[in-house]
Amino acid sequence: MENENFSELIQQLLEERKFTRLRSILLEMMPIDIAMLFDEFPEDDLPLIYRILPKELAAEVFACLDSDSQEQLILAFSDKELRIVLDQMYVDDTVDLIEEMPATVVKRILAHTPPEKRQSINEILKYPDDSAGSMMTTEYIDLRRDMTVSEAFEKIRRVGVDKETIYTCYVKDRNRHLLGVITVKTLLLAPSDAIIEDLMDTNIICVDTFEDKEVVAKMFDKYDFLALPVVDKENRLVGIITVDDAMDVIQEETTEDFEKMAAIMPSEGEYLKTSVFKHAKSRIVWLLFLMLTATFTGMIITQYEAAFTSLPILVAFVPMIMGTGGNSGSQSATMIIRGLSIDEISLGDFFKVFLKEAGVGVLCGTVLAVVNGIRVYLTADEHDLYLTIVLGITLIMTVLIAKILGCVLPMVAKLLHLDPALMAGPLVTTITDTCSVLLYFLIASSMANMFGVPLI
């Protein structure tokens, strides 16, 4: 069934108050798909749809909703309903909820959160926003090393329903030091009387609570983890990070990089739910900076105004040269930024990258110069050889400089502990425009006497 027809069916069932059939339809859907439906209905209908769901499914749907819909539901909940939702939610999802809500709503959420869960929430909230501690959950299964497999399964059955994952279990001592990890697969394949200490993996990969969350997300990609333990400075297990939280970080970081590469200040809101004023505010600063920077190009063109008067055809090639330089620089910058972000390239590879991009620049520039030279030589009415050579040298030098700038600027930003994405397309293009125009007129002026071209 198409989404549009499906939404109409849900709306019709709501209007006709056929809640039994509506409930049966929703029970067959995934929580994220139900949450997406909420965006298509009036806010007044959200509490009604939500109350049709069983409490466990309702909690999962609630965690998938955007912050606006969550706030709308919390305001409509009774104290009992809010308490049920919070009891069913995992700690890390509750932390995310608290960070998105206004102070008045947060106060109500904390008032209906069990004391032990509130303590875990406060523990997570004290970590920096970009740290592993801020994205971890304290709901994991821990085992003792002297347990048998049957005792381990008994504990998993007893407490697993409240844990975010039961596939990977963590072995601790009495002081909460992390000793090893063991999977349910290992437990299932082992004899029931086997000891955990003999089965656990002691080659543990873990992260510190203050580790950057982008580094953590890369570890999931590198090792194909489902969960990653988080320890403090004394190697005491304080929480775990699950793959779904890592995916959220990857999405956030990718979105932020795209915005920076497009010369937009990073924003957290959804596009359609962000006001025109906020959109303009996130873009105007960079646009002003790039506009003012581009005035240097105008100053160079003004300085060589006499050359335009003597040989007007020079002006016709300015857009081509600027466009070629900007495109060349953007290509290199994009490749280097990607390489830095996925650790294909490091700062130690600076000279390798420099030489590689310089070689690419010479080859690309030469091909462009030859093709353009043939075109100019066949179409120009006069000074065709002069224009062919000037444009050829300019294109080779422009592409070379653009490629070098495209690789150097992101790596310099990385060296200065800045986001390499800041040195992407718009900034590289603006700098390359200035360099290419200056280079063009310097070459045109210096070669004018050689070919007897009357430039003033």
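Would you pull out the residues with amide H under 5 Å of Leu179's amide H, same chain only if 5 or more places away, H placed 1.01 Å from N?
Val171, Lys172, Asp173
Which of the lysines could a cross-linker bridge to Lys356, judged by Cα under 21 Å and excluding same-chain residues fewer than eight apart?
Reachable lysines: Lys403, Lys414.
First select every other residue whose beta carbon is under 12 angstrom from the beta carbon of Val231; then total the charges, Lys and Arg +1, Asp and Glu -1.
So the surrounding residues net to 0.
May I ask for the distance between the Cα centers of segment 336-395 and segment 64-86, given as a whole number of Å?
When both Cα centres are located, 58 Å separates them.
With 29 Å as the limit, write out which pairs from Lys185/Lys222; Lys80/Lys233; Lys117/Lys233; Lys18/Lys80; Lys155/Lys213; Lys126/Lys163 have Cα-Cα distances beyond it, or answer none.
From the list (Lys185/Lys222; Lys80/Lys233; Lys117/Lys233; Lys18/Lys80; Lys155/Lys213; Lys126/Lys163), the Cα-Cα distance tops 29 Å for Lys80/Lys233; Lys155/Lys213.
Please list 3J(HN,Hα) in residue order for segment 12-29, calculated via the Karplus relation 6.51 cos²θ - 1.76 cosθ + 1.60 where θ = phi - 60°; whole Hz, with x for glycine and proline.
Ordered by residue, 3J(HN,Hα) equals 5, 5, 5, 5, 8, 6, 8, 6, 5, 5, 4, 4, 5, 5, 5, 5, 8, 9 Hz.
Name the residues whose placed amide hydrogens come within less than 5 Å of the amide hydrogen of Ser131, ignoring near sequence neighbours (fewer than 5 apart) on the same chain.
Amide H to amide H, under 5 Å and 5 or more residues apart or across chains, Ser131 pairs with Lys213.
Projected onto the charge dipole of the chain (+1 at Lys/Arg Cβ, -1 at Asp/Glu Cβ, origin at the Cα centre), which of Ala402, Phe38, Gln11 gives the Cα projection farthest towards the positive end?
The residue sitting farthest along the positive end of the dipole is Ala402.
Can you run phi through the Karplus equation (6.51, -1.76, 1.60; θ = phi - 60°) for segment 371-379 and list ³J(HN,Hα) in whole Hz, with x for Gly and Pro?
4, 5, x, 5, 4, 5, 5, 7, 10
I want the local charge near Val184. Using Cβ-Cβ distances under 15 Å, sum +1 for each Lys or Arg and -1 for each Asp or Glu among the other residues.
So the surrounding residues net to 0.
Quick check for me: using +1 on Lys/Arg Cβ and -1 on Asp/Glu Cβ, what's the dipole size of segment 298-411 about its Cα centre, in debye to the nearest 20?
The calculated dipole for segment 298-411 is roughly 240 debye.
Could you state the angle between the C-alpha long axis of helix 55-64 and the longest principal axis of the C-alpha atoms of the chain, as a value from 0 to 90 degrees rounded to the nearest 10?
Approximately 20 degrees, to the nearest ten.
Using a 1.4 Å probe on the protein chains only, how many percent of the accessible area of the chain belongs to carbon and sulfur?
The value for the chain is 59 percent carbon and sulfur by accessible area.
Which whole-number percent is the relative contact order of the chain (Cα, under 8 Å, 6+ apart)?
Result for the chain is 11 percent.
For the chain, find the longest principal axis of its Cα atoms and tell me its angle to the long axis of helix 149-159, 0 to 90°, nearest 10.
80
Determine the dipole magnitude for the chain: charges of +1 sit on the beta-carbon of Lys and Arg, -1 on that of Asp and Glu, nothing else is charged, the reference point is the Cα centre, and the result goes in debye to the nearest 20.
Computed charge dipole of the chain: roughly 940 debye.
Helix-derived [θ] at 222 nm for the chain: sum -39500 (n - 2.57) over DSSP H runs of at least 4, divide by residue count, nearest 500?
For the chain, the value works out to -20500 deg cm²/dmol.
The values are calculated or read from the model by the stated rules, or taken from the named source; none is laboratory data. Quantities reported herein were computed from a predicted structural model and do not represent experimental measurements. Please note: Cβ atoms are built from the backbone with ideal geometry, for glycine as well, and neighbour counts cover all protein chains shown. Each accessible area value is taken on the protein alone, full model and side chains, heavy atoms only, with ligands, DNA and RNA left out. Shrake-Rupley method; radii C 1.70, N 1.55, O 1.52, S 1.80 Å.
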